[in-house]
Amino acid sequence: MAAHALHPISAPPAAPIREKFGHLLVRAWCIFVLVAGFAGTSWLMAFGVAGTAVVAYGSGLISMILWIVLRPGVQWRRLPWLAVGYVAWATCSILWSAYPASTVPTLLLLLSTTVQAMFVGSVLTWRELVRSIASALKWVLGVSLAFEIWVSLVWGGPVMPGFGRPGRGVDPIEMWSRDNLFDGGRIQGVFGNANALAYVALLGIVVFSIRIASRAPRRPFLYAWIVVAAFLFFRAASATATLAAAAVAVVLAAALIMRASRRAGVRTRLHLAYAVIALGGLGALCVARDGVFALLGRSSDLSGRERIWEAVGDRAAERPVQGWGFSTPWIPTDPAFDGWIVDHGVTVMQAHNMWLDVFLQLGVIGVSLMALTVFAFGWRAWFFAIDRPRSDFVADRPYSALTLLPPLVAALLLVQGLAESTPLLGWGWMLLVMFSFKIKQTPLLSRGPAEQRPVGEQGERLPT
């Protein structure tokens, strides 16, 4: 006969473990750091050079102080040393820079971005990191859409940087927003650049989809954010971002096929097939680029970029080993860049190709360091995604959707780097360093001291 016991053997009920308020504040700061990186040129458009400097350098200083105070567990021997080597070579370029007045401020910006990337990677777990990236993208994309609506319905016309109205004869390329939301033209969001908006929107689609696949809570809202990001991506109408989306889709399909394969021999053959397909695809794109870009509504020279590449290549060839000195972006008021390459009456601020830009600034040595950095990141990101998580004798743990994010970001940045220099600074460089750092520090999701923290999201399914 069953009887009630006065001393039950189970533990008494207790409230679920909650995150400490201090860590919530740290995560909120990390989201701000990510928002500042994703926003990019919007700070310059809204607050000018002085305001942008305050945000960029001030946030970097605060992150450095927090890193010293919090002292998160970091394996200092497992830093992304190739990326650190690239930064060190850029720092050394001060000794021979032909434009030191441009090298110093842009180098400080590179150092700030690098420090903040490793800081965020050190204080957040993998799940917190992806969640914070998603939160930052929601802010940037939401503000971009709200800004375009405000320009059309409240401001009533194009808006110039600093919230001014354009005068007569102003080229549209100088406008912050062209008031195209309701007339079918390309929109630029808070970035003042349609290509920048398209890439951030594409990243948003990727991150929100991964959050849905990882069983994150409040998934209906994530579907809504995918719709917002897809709308902005479509209205930005960027040809290179469309190619990047195709590359992301191909890498995703390849990674899922690799995950489904069980034998090592099959994986070897798949890797060989992928290499052949990649080389063949690049060759076909080079041969048929006129038709491809015509299909995307762009000229074969990518809107005049070949003229820029030719000018950059000619100057870079004059100092092929060490380059002319670091400056990313180019400072248009510096005599070395002012009036050098002009597009629609505006001095160009980048080479529109990350490899040519590095060659111009840091020579063959810089290109080699950057190539090794990108290769190391892509290599680790690929096997981080396709290898089954294993830290003991259990060989059948399930894959996580979160591990797909680094290789998809790598594919996006590689394609973007063919027509833009953005991966060298801002959110492109931040994500490259952040994921390189995180993969080396914590190569297994939810395993290791840095990952043992209560998850603040109730309902998210964790791996066993």
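Nearest 10 degrees, 0 to 90: what angle lies between the long axis of helix 194-213 and the longest principal axis of the chain (Cα atoms)?
Compared with the principal axis, the helix lies near 10 degrees.
Where Rh is the Kirkwood radius over the Cα pairs of the range 102-167, the temperature 10 °C and the viscosity 1.306 mPa s, what D in µm²/s does Stokes-Einstein return?
105
Taking every pair of alpha-carbon atoms in the range 39-112, give the share separated by more than 16 Å as a whole percent.
Percent of Cα pairs beyond 16 Å in the range 39-112: 64.
The range 21-47 to the range 183-234: how many Å between their Cα centroids?
Here the two parts' Cα centres lie 18 Å apart.
Across 5 Å bins from 0, what is the distribution of all Cα-Cα pair distances for the range 33-74, in whole percents?
Over the range 33-74, the share of Cα pairs per 5 Å bin runs 5, 23, 25, 19, 12, 9, 6, 1 percent.
Provide, for q = 0.13, 0.16, 0.21, 0.25 Å⁻¹, the log10 of I(q)/I(0) from a solvent-free Debye sum over equal Cα point scatterers in the range 321-414.
Each listed q maps to, in turn, -0.63, -0.78, -1.01, -1.18.
Between R388 and L25, what is 0.36 nm times their sequence separation minus the Cα-Cα distance? Round to one decimal in nm.
Roughly 127.3 nm would be gained on extension.
Quick check on packing: order 188-200, 86-98 by the mean number of other C-beta atoms within 10 Å, highest mean leading.
188-200, 86-98
Give me the one-decimal nm value for the distance between modelled label points at R71 and V266, 7 Å along each residue's Cα-to-Cβ direction.
Modelled inter-label distance: 4.9 nm.
Between D343 and residues 5 or more places away or on another chain, which pairs have amide H atoms under 5 Å apart, with H built 1.01 Å from N, and which residues are they?
Placed amide hydrogens put V348 under 5 Å from D343.
Given +1 on the Cβ of Lys and Arg, -1 on the Cβ of Asp and Glu, and no further charges, what dipole in debye does the range 318-451 carry about its Cα centre, rounded to the nearest 20?
Dipole about the Cα centre, nearest 20: 660 debye.
If you stretched the chain out fully between D338 and V143, how much longer would it get, using 0.36 nm times the residue separation minus the C-alpha to C-alpha distance?
Going from the current span to full extension adds 67.0 nm.
Subtracting the Cα-Cα distance from 0.36 nm times the residue separation, let me have the gained length for A253 to W81 in nm, one decimal.
Here the segment from A253 to W81 would lengthen by 58.9 nm.
Helix-only mean residue ellipticity at 222 nm, the chain, DSSP H runs n ≥ 4 weighted -39,500 (n - 2.57), per residue, nearest 500. What is it?
Mean residue ellipticity at 222 nm (helix-derived): -20500 deg cm²/dmol.
In Å, the Kirkwood hydrodynamic radius of the chain over pairs of distinct alpha carbons?
23.7
What size of dipole, in debye to the nearest 20, comes out for the chain about its Cα centre when the only charges are +1 on Lys and Arg C-beta atoms and -1 on Asp and Glu C-beta atoms?
For this selection, approximately 2000 debye.
We did not get these values from a lab; they are worked out from the coordinates using the rules stated. Since the structure is predicted, the reported quantities are computational estimates derived from the model, not experimental observations. Cβ coordinates were reconstructed from backbone atoms using ideal geometry, including for glycine residues, and neighbour counts include every protein chain displayed.
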